[in-house]
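Chemist: Encoded as C-alpha cells, here's the structure I'll be asking about.
Here, each number is a calculation from the coordinates, and none is a lab measurement. Worth saying up front: this structure is predicted, and the values here are computed from it rather than measured. Cβ sites come from the backbone with ideal geometry, for glycine too, and all protein chains shown count toward neighbours.
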Amino acid sequence: MPETRTNVGGLRAIELNYRPLRDIASGRTVCYLARTHLNTPGLGILMPESFRPVAEQNNKSSDLFHLELLQLAEALRNLKESGRFFNWICIDMPLSILRDSTASALADKICEQSKITPNIICFKIPEQTLYQSDSVAADNTARLRRRGYHIILENFGEISCPYIRLSELSVDYVMLSPSITYSVGKKERTDQAVNSIITFINDLGMEPIADGVQNSTQAEAFYEFGCNYCAGPLSGDYVQLSELLE
C-alpha cells in the first residue's frame, strides 16, 4: 500500500505526532498516543483544539479521519519494521465520527487494506460521550469493541463530569484528567478522593490511565492507588514519527 501523501506547501496536510503511554511498574511502552497536526497554507500548523471544531462545522471530519487512519496504518508498519515493542497505537475519534454508524466499517476497510488487525488500534473518544442524551455513541463504542478495537475515554474526572454515566459506556481504558494528576500529593483527603475514583473505574472492569504525570512521585502514588498506566512529561512528550524511530 503506498504511503499517504496529501501535501500542503511541501508538507503533509496532516502529520501525526506520538507520545508513549507506559506501564508504571516496568516503564515499558504499551501504547503510542497519536495527536494530529494540520498543516495549512495560510495559518501554519494547527493543533486539534483549533481545527476539529471547524472540521465539525464544515462536515470534513470524515475525510480528515480517513487520512488519519491511513497515516496511522503507515506508522504502524514503520514502527514494527524498526523493532519497536508495543501493544497498540491510539488515535482520536471525534464525537461526530463516533456517532456515525459507518465508522467501524471505515476502520475495518483500512485495516484490511493495510494488513493489520483491529486489536492493535485504539480509539480515544472524548469525555463529551458521557453527556449524550441518546445511546448512539455508546452503541457504536460497544460495536467497535466487538470488532476488536480498543477504546480509551479521555479527560475523565472534571468537576462537572457525570461519573455514573461511565457505567453505561463500554470502554477498555479511562484516561484521567490532568487536573486530577495535579492534585495528587497536595492533601490527604484529595488523595483519598483520587483513590476512590480509580477504585470506581477498576470496579467497572475498566483500566485507569493517569495523564499529565510529571514525576516519579506522582507515578508511584497512582500505582499505589491501583492505576497501572501513565502518560505525560515523565513518560515522554509528542514527537514526530521520524524522531520516534531514531
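Chemist: Determine, yes or no, whether residue 188 is over 19 Å from residue 24 (Cβ atoms), surrounded by fewer than 20 Cβ atoms within 10 Å (Cβ to Cβ) and over 20 Å from the mean Cα position of the chain (by Cα). Even if it seems obvious, please write down each step before you answer.
Modeler: Numbers: over 19 Å from residue 24 (Cβ atoms): yes; surrounded by fewer than 20 Cβ atoms within 10 Å (Cβ to Cβ): yes; over 20 Å from the mean Cα position of the chain (by Cα): yes.
For residue 188, the condition - over 19 Å from residue 24 (Cβ atoms), surrounded by fewer than 20 Cβ atoms within 10 Å (Cβ to Cβ) and over 20 Å from the mean Cα position of the chain (by Cα) - is met.
Chemist: For residues that are surrounded by 16 or more Cβ atoms within 10 Å (Cβ to Cβ) and of a type in the set (Asp, Glu), scanning just the stretch 57-101, find the one that is nearest to the chain's Cα centre (by Cα).
Modeler: Filtering first and then ranking leaves 92.
Chemist: Right, here's the next one. Out of the residues in the stretch 165-185 that are among the charged types (D, E, K, R) and more than 16 Å from the chain's Cα centre (by Cα), which is farthest from residue 148 (Cα to Cα)? Explain how you work it out, then say what you get.
Modeler: First, the residues of the stretch 165-185 that are among the charged types (D, E, K, R): 165, 168, 172.
Within this subset, residues satisfying the condition of being more than 16 Å from the chain's Cα centre (by Cα) are 165, 168.
Values: 165: 23, 168: 19 Å.
This residue is 165.
Chemist: Among residues belonging to the stretch 58-83 that are among the basic types (Lys, Arg) and in a helix (DSSP H, G or I), point out the one that is nearest to residue 15 (Cα to Cα). Even if it seems obvious, please write down each step before you answer.
Modeler: Filtering the stretch 58-83 down to residues among the basic types (Lys, Arg) leaves 60, 77, 80.
From what is left, the residues that are in a helix (DSSP H, G or I) are 77, 80.
Values: 77: 16, 80: 19 Å.
For the stretch 58-83, the residue satisfying everything is 77.
Chemist: List the pairs whose first member sits in the stretch 207-219 and is free of Cβ contacts under 8 Å to residues at least 60 places away in the same chain, whose second member is acidic (Asp, Glu), and whose Cβ atoms are under 9 Å apart, counting only residues at least 6 apart or on separate chains?
Modeler: Pairs that qualify, where the first residue is free of Cβ contacts under 8 Å to residues at least 60 places away in the same chain and the partner is acidic (Asp, Glu), are 207/172; 211/154.
Chemist: Are there any pairs, at least 6 apart or on different chains, whose C-beta atoms fall under 9 Å, with the first in the stretch 77-95 and over 16 Å from residue 114 (Cα atoms) and the second of a type outside the set (S, T, N, Q) and part of a loop (DSSP other than H, G, I, E, B), and if so, which?
Modeler: 85/28; 86/28; 92/126; 93/126; 94/126; 95/126
Chemist: Quick check, is residue 37 free of Cβ contacts under 8 Å to residues at least 24 places away in the same chain, touching a helix residue (DSSP H, G or I) at 6+ places or on another chain (Cβ under 9 Å) and either assigned to a strand (DSSP E or B) or closer than 21 Å to residue 88 by Cβ (or both)? Spell out how you get there, then give the answer.
Modeler: Values: free of Cβ contacts under 8 Å to residues at least 24 places away in the same chain: yes; touching a helix residue (DSSP H, G or I) at 6+ places or on another chain (Cβ under 9 Å): yes; either assigned to a strand (DSSP E or B) or closer than 21 Å to residue 88 by Cβ (or both): yes.
Spelling it out, residue 37 is indeed free of Cβ contacts under 8 Å to residues at least 24 places away in the same chain, touching a helix residue (DSSP H, G or I) at 6+ places or on another chain (Cβ under 9 Å) and either assigned to a strand (DSSP E or B) or closer than 21 Å to residue 88 by Cβ (or both).
Chemist: Which of the numbered conditions does residue 217 fail, given that it passes all the others? Conditions: (1) in a helix (DSSP H, G or I); (2) under 16 Å from residue 152 (Cβ atoms).
Modeler: (2)
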